[in-house]
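The structure appears below as C-alpha cells.
The values are calculated or read from the model by the stated rules, or taken from the named source; none is laboratory data. Note that the structure is predicted; figures quoted are calculated from it, not measured. Because the Cβ atoms are built from the backbone with ideal geometry, glycine has one as well, and the counts that use them run over all protein chains shown. Heavy atoms of the whole protein, side chains included, go into the accessibility calculation; ligands, DNA and RNA do not. Shrake-Rupley method; radii C 1.70, N 1.55, O 1.52, S 1.80 Å.
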Amino acid sequence: MAAEDQFKKVISHAKEYGYVFPSSEIYDGLSAVYDYGQNGVALKNNIRAYWWKAMVQMHENIVGIDAAIFMHPTTWKASGHVDAFNDPLIDNKDSKKRYRADVLIEDYVGKLDTKIEKEVVKAAKRFGDQFDKEQFLATNPRVVKYKERGSEILARMGKSLENEDLADVKALIEELEIACPLSGSRNWTEVKQFNLMFGTKLGASAESATDLFLRPETAQGIFVNFSNVQKTGRMKIPFGIAQTGKAFRNEIVARQFIFRMREFEQMEMQFFIQPGTQKKWYDHWKETRLNWHLSLGMGTDNYRFHDHDKLAHYADAACDIEFRFPFGFKELEGIHSRTDFDLSSHEKFSSKKLQYFDHERNESYVPYVLETSVGLDRMFLAVFSNAFQEETLEDGSKRTVLKLPAVLAPTKVAVFPLVKKDGLPEIARSIVNDLKWDIETAYDEKDAVGRRYRRQDALGTPFCITVDHQTVEDQTVTLRHRDTMKQQRVAISELSDILKKEVSMRTWLERI
Ligand code: ATP
C-alpha cells in the first residue's frame, strides 16, 4: 500500500512540475498515451543523448540511423510479427477486466520474490554483521523453497507458451488460485492470443490503399538497412547500428503510467557478429549495458538480471535488466541474442542478399546479431521515480526533492538575485547569459530565496547560485547543492568550470 501511495505521488509530481501529462487531457485523456511537458521533454532528451553518446559516439564501430516508422508491410511478415507478435490474454468474467495471462503468473512469482526479500531483511537484522546474504539465499530452507517454486512455475509457463498450449496456461492460473485483483474472483475465460500491432492504411482511395503497420519495434528498420550501412560506412564485423525512435503496441494491459504505453520510444542497438561468437558478445553487452545504468548512481541493489524462460522465436539467449520500480522489479532493458533469424528471413522474403564478406576468412555469411533494447519512457520512469523523495529536515520541516542524476536534470543550475534591487538582478542575468551557452540555466527572482530553493529542489535542479550584496564587493556567489543543501562561496569566474565538470557526460560516463 505504501508503495502504491508513493507511486501515486510520483505520478502527480510528474504532472504538477511539467514532466508528464495525460495525452489530450482536455478530452479526458487517451488510455496509456502520454505527453511530455516542458521539463519532461528536457529530461527525455538528456536520457536519449546520454545513451547515444555512450553507444554511438564512444564506440568507433557503432553508427546510428533514423529509419521511418512506416515500413513495407512484408517487413512484418519476415520478422515474424504478423504471425507471432501476440500476447496471451485472459478476461475475468466478473470484473470484465482483461489481463495478460503471463503477467498474472509473473506477478504471482514476484510475490514469492517479495517474500524472499522479507526473509533476507529479517535475517540481516537477526545476524547483524555476521550476515552472509549469498549463503543465506543458498541455504535457508524457506528461501530455497520459494525460489524452487518460482522457477518451476516460470519454467512450466515458458514451456506452455512455447508449445502454444494455452489451456495449460489457464490451468496454471487456476492451480495457483490467482484471483482478479479487481473483483477478487477466479472466474476466468479461456486464454487467447492477441496481436499487438496497430494497422493503418496508405493511399488515397479505399480500393488502392495498402495495409500498413505502425512499427512495433525499431529493430527492423536497422535490419533492412544492414547492407546500406555496411557498404556505405565500410563497416567491418563486429559492428553495430543504433537507433532511437517511436514504436507502437496495442498493449492489452496498459497500466502503471508510462511503464507500459501504446506509443513509446525505444533506444536499440543491433550488433552484427560472426556466427559462433554470440555467447561472448552476449556476456559483453550484458555487462556493458548494466554498467551504463550503474553509471547514473541510482543504486546497485536496484538492478538485477532476469533470464528469459520463454525465448522469442528469433532468440537463442535473452535476458532483461530489471529495475526496482515503485511497483517492484520489472524489465527496463532487454539483451537478446537474435541469431541470424532476422537477416536470413529478410533475405528470404526480399530475395536480396544480406550477407557480409569476411576478407580475413575469405567467405560470406549472414551475420549473427546481439541486440540491446531499452525503452526511453521506461528509463524516464526509472530515473524519475527513483529520484522522487520526501524528506524531513533537521528542523522538522519537509521538503520534496527530485534527486535526478545531475547529468540528466532538465535545468542544471538556477541563478537568483537575493533581492530585486541594488544591481543584483543585473549580475544574476549576466551569469545566466554566460552559463547558458553550455549548461541548461534558469533565472528566478520571485519569492523569498528559501522558497526558490524548494521550487528548484522539486524540479530536480542540482545547483542554485545566489547573488547577494557580497557579490558586488568581491565577485563571489553562493553555490548551493540540491542533495546535501550545503552552500559554498565560489568566485563567479570559477562557476563555469565547476558546473561543467559536475554535469558533463564525460564525468558520469567515465565511471563505467
Ligand atoms: P514487456 O515484457 O514489458 O512487454 P517486452 O519484452 O515486450 O516488454 P521488448 O520487446 O524486449 O519488450 O522491448 C524492449 C524494451 O522496450 C523493453 O525493455 C521496454 O523498456 C520497452 N518497452 C516495450 N514495450 C513497452 C511499452 N508498451 N511501453 C513502454 N516501453 C516499452
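Descriptive notes on the structure:
- The set of residues from the stretch 213-263 being more than 16 Å from the ligand (Cβ to nearest atom), open to solvent by 10 Å² or more (accessible area, probe 1.4 Å) and not in a loop (DSSP other than H, G, I, E, B) comprises Ser227, Asn228, Val229, Gln230, Lys231, Thr232.
- Exactly one residue out of Glu347, Glu391, Glu363, Glu322 is more than 26 Å from Pro238 (Cβ to Cβ) and more than 21 Å from the chain's Cα centre (by Cα): that is Glu391.
- Meets criteria (free of Cβ contacts under 8 Å to residues at least 24 places away in the same chain and either open to solvent by 100 Å² or more (accessible area, probe 1.4 Å) or not in a loop (DSSP other than H, G, I, E, B) (or both)) for Ala206: no
- All conditions in (1) open to solvent by less than 10 Å² (accessible area, probe 1.4 Å); (2) within 16 Å of the ligand (Cβ to nearest atom); (3) of a type outside the set (A, V, I, L, M) hold for Gly328, with the sole exception of (1).
- Taking the listed residues Val467, Val449, Val477, the one that is open to solvent by 10 Å² or more (accessible area, probe 1.4 Å) and either assigned by TED's automatic domain parsing to the domain that holds Asp497 or of a type in the set (Asp, Glu) (or both) is Val449, with no other qualifying.
- For the stretch 72-85, the criterion of being closer than 30 Å to Lys403 by Cα and open to solvent by 40 Å² or more (accessible area, probe 1.4 Å) is met by no residue.
- The set of residues in the stretch 369-394 that are farther than 26 Å from Phe21 by Cα and more than 16 Å from the ligand (Cβ to nearest atom) comprises Thr392, Leu393, Glu394.
- Unique residue being away from the ligand (no atom under 16 Å from the Cβ) and either of a type in the set (Phe, Trp, Tyr) or more than 28 Å from Gly221 (Cβ to Cβ) (or both) when the list is Ser350, Ser364, Ser344, Ser397: Ser397
- Each residue in the stretch 166-184 was checked for being part of a loop (DSSP other than H, G, I, E, B), open to solvent by less than 30 Å² (accessible area, probe 1.4 Å) and under 16 Å from Val253 (Cβ atoms), and 2 of them qualify.
- Options Val144, Val191; residue that is hydrophobic (A, V, I, L, M, F, W, C), touching a strand residue (DSSP E or B) at 6+ places or on another chain (Cβ under 8 Å) and surrounded by 13 or more Cβ atoms within 10 Å (Cβ to Cβ): Val191
- Candidates Glu360, Glu333, Glu347 - the one that is over 24 Å from Leu459 (Cβ atoms), open to solvent by 20 Å² or more (accessible area, probe 1.4 Å) and modelled with pLDDT of 95 or more: Glu347
- When Ile222, Ile273 are checked against the criterion of being over 22 Å from Phe70 (Cα atoms) and touching a helix residue (DSSP H, G or I) at 6+ places or on another chain (Cβ under 9 Å), a single residue qualifies: Ile273.
- Of the residues making up the stretch 465-499, those that are closer than 11 Å to Ile431 by Cβ and assigned to a helix (DSSP H, G or I) are Thr471, Ile492, Ser493, Leu495, Ser496, Leu499.
- Single residue of Asp94, Asp107 found to be outside any loop (DSSP other than H, G, I, E, B) and either open to solvent by less than 20 Å² (accessible area, probe 1.4 Å) or not assigned by TED's automatic domain parsing to the domain that holds Leu404 (or both): Asp107
- Among the residues of the stretch 185-201, those that are more than 31 Å from the chain's Cα centre (by Cα) and not in a strand (DSSP E or B) comprise Ser185, Arg186, Asn187, Thr189, Glu190.
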